[in-house]
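Single-structure report; data block below.
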Amino acid sequence: MRIAQVSPLYESVPPKLYGGTERVVFYLTEELVKMGYEVVLFASGDSETKAKLVPICPRALRLDRHCKDSLIWHLYMIEEVLKRVNFFDIVHFHIEYLHLPLASKYKFAFLTTLHGRLDLPEYVPFFKKFKEYPFVSISNAQRKPLPWLNWQATIYHGLPEDLYTFYPSEGKYLAFLGRISPEKRPDRAIEIAEKFGMKLKIAAKVDKADEVYFKEVIKPLLKSYWVEYIGEIGEKEKNEFLGNAYALLFPIDWPEPFGLVMIEALACGTPVVAWNCGSVPEIIENGKDGFIVKSVEEAVEALDKVKTLDRKKCRKSFETKFTAKRMAQEYLKIYQNLIQRELFLKAV
């Protein structure tokens, strides 16, 4: 089977620092190569993979200060994919909706995994134009705004089993990892830490779109005795950061499609205290590998109960449900079905 993986270009594959979708594309690509499949990855030129890399732009666009228009690079990539489409048995797109108007004009097997939120009203008329094409959701909650799409499955993200080391000992600080933005609610995490009386370490990036929010809302809060701001960290630092934490705080205020950081914490054996939004109830088993809460007060109470959780069970949750091998196997089933369908359509 010859498989194309088409990644966003904002981060390298894998990302040098923060990055969700590109990291998942990397784990999936490497797992498929390990299984013996011929995989071609379309990504930024600074990507590293055991698959064959087709470099589209010299470097990841987010870190390229010379890049003024990221959209044009993605359109260029779609053109490069479509030029080679007859070489592949299936093309797997991870660039949200950008390829749909062009890819739908060709006859080939392709799959789209939607990685972002789908509750924006303008999505309805657009996706109705392409509702017969095959899609994968990354949580059941994510697909609720567009239930009529041709959903093939919900496939949860996965990580390599040996990527994170299990930390059996209870940590001494709370962790917040990811992105400084209003929907991620770092302000809420700070309030929880202050009320619980435990140090909060914040390892997070600040996107250009969130610079004003960071400066006006979050930066003044970083003066708190209970807060230590680390900034953006990469893959190598995350294991120690999460593994040594007492708990991961995930106090989101938006319909999170998945939340990769939750399974990264579980892989380290670290419990998660998360808001009841989006995919959270699908990822966290309340009272087993973390707690699902609806208020700051509930979060503080939950943190007091975290010490009763077994960190081995947190790790077991990861091993059972969120490995890269399991993710790749589930995608392969869909690839095979779509390839057979395309062959049938061409034969009739």
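The values are calculated or read from the model by the stated rules, or taken from the named source; none is laboratory data. Just so you know, these numbers come straight off a predicted model, no measurement behind them. We place every Cβ from the backbone using ideal geometry, glycine too, and count neighbours over all the protein chains shown.
Against the numbered list (1) surrounded by 12 or more Cβ atoms within 10 Å (Cβ to Cβ); (2) in a helix (DSSP H, G or I); (3) of a type outside the set (Ser, Thr, Tyr); (4) out of contact with any strand residue (DSSP E or B) (no Cβ under 8 Å at 6 or more places or on another chain), Gln340 comes up short only at (1). Listed here are the helices (runs of 4 or more DSSP H) enclosed by the range 232-311 that have at least 2 residues being of a type in the set (Asp, Glu) and at pLDDT below 95: 235-243.
Each row is one residue, and each column tells you yes or no for (1) assigned to a loop (DSSP other than H, G, I, E, B); (2) closer than 23 Å to Gln336 by Cβ; (3) modelled with pLDDT under 95.
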residue	(1), (2), (3)
Leu28	no, yes, no
Val39	no, yes, no
Lys68	yes, no, yes
Ile78	no, no, no
Asn86	no, yes, yes
His92	no, yes, no
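Scanning the range 64-111 for residues being charged (D, E, K, R) and touching an Asp or Glu at 6+ places or on another chain (Cβ under 9 Å) gives a total of 2. Ile202 fulfils the conditions (1) farther than 26 Å from Glu301 by Cα; (2) free of Cβ contacts under 8 Å to residues at least 60 places away in the same chain except for a single criterion, (1). Taking the stated definitions as given, is Val293 surrounded by 20 or more Cβ atoms within 10 Å (Cβ to Cβ), touching a residue at least 12 places away in the same chain (Cβ under 8 Å) and within 19 Å of the chain's Cα centre (by Cα)? No: the conditions fail for Val293. As an exercise: evaluate Ser181 against (1) buried (at least 19 other Cβ atoms within 10 Å of the Cβ); (2) among the polar types (S, T, N, Q); (3) within 23 Å of Gly269 (Cα to Cα) and give the number of the one condition it does not meet. Going through (1) buried (at least 19 other Cβ atoms within 10 Å of the Cβ); (2) among the polar types (S, T, N, Q); (3) within 23 Å of Gly269 (Cα to Cα) one by one, Ser181 breaks only (3).
The combined condition, being aromatic (Phe, Trp, Tyr) and either assigned by TED's automatic domain parsing to the domain that holds Lys312 or closer than 30 Å to Lys105 by Cβ (or both), is fulfilled by Phe135.
Could you list all residues from the range 49-80 that are charged (D, E, K, R), free of Cβ contacts under 8 Å to residues at least 40 places away in the same chain and over 25 Å from Glu330 (Cβ atoms)? Break it down stepwise before answering.
Kept after step one, since they are charged (D, E, K, R), are these residues of the range 49-80: 50, 52, 59, 62, 64-65, 68-69, 79-80.
Next, from what is left, pick out any that are free of Cβ contacts under 8 Å to residues at least 40 places away in the same chain: 50, 52, 64-65, 68-69, 79-80.
Across the range 49-80, the qualifying residues are Asp64, Arg65, Lys68, Asp69, Glu79, Glu80.
All but one of (1) touching a strand residue (DSSP E or B) at 6+ places or on another chain (Cβ under 9 Å); (2) surrounded by fewer than 24 Cβ atoms within 10 Å (Cβ to Cβ) hold for Thr308, so report the exception by its number. Of everything listed in (1) touching a strand residue (DSSP E or B) at 6+ places or on another chain (Cβ under 9 Å); (2) surrounded by fewer than 24 Cβ atoms within 10 Å (Cβ to Cβ), Thr308 misses just condition (1). Taking the criterion of being in contact with a His (Cβ under 8 Å, 6 or more places away or on another chain) and of a type in the set (Val, Ile, Thr), the only residue of the range 220-273 that qualifies is Ile263.
Condition first: of a type in the set (Asp, Glu), within 21 Å of the chain's Cα centre (by Cα) and under 25 Å from Glu232 (Cβ atoms). Can you find one or more residues in the range 56-78 that meet it? Spell out how you get there, then give the answer.
Looking only at the range 56-78, we keep the residues that are of a type in the set (Asp, Glu), and these are 64, 69.
Subsequent filtering for residues that are within 21 Å of the chain's Cα centre (by Cα) retains none.
No, every residue in the range 56-78 fails to be of a type in the set (Asp, Glu), within 21 Å of the chain's Cα centre (by Cα) and under 25 Å from Glu232 (Cβ atoms).
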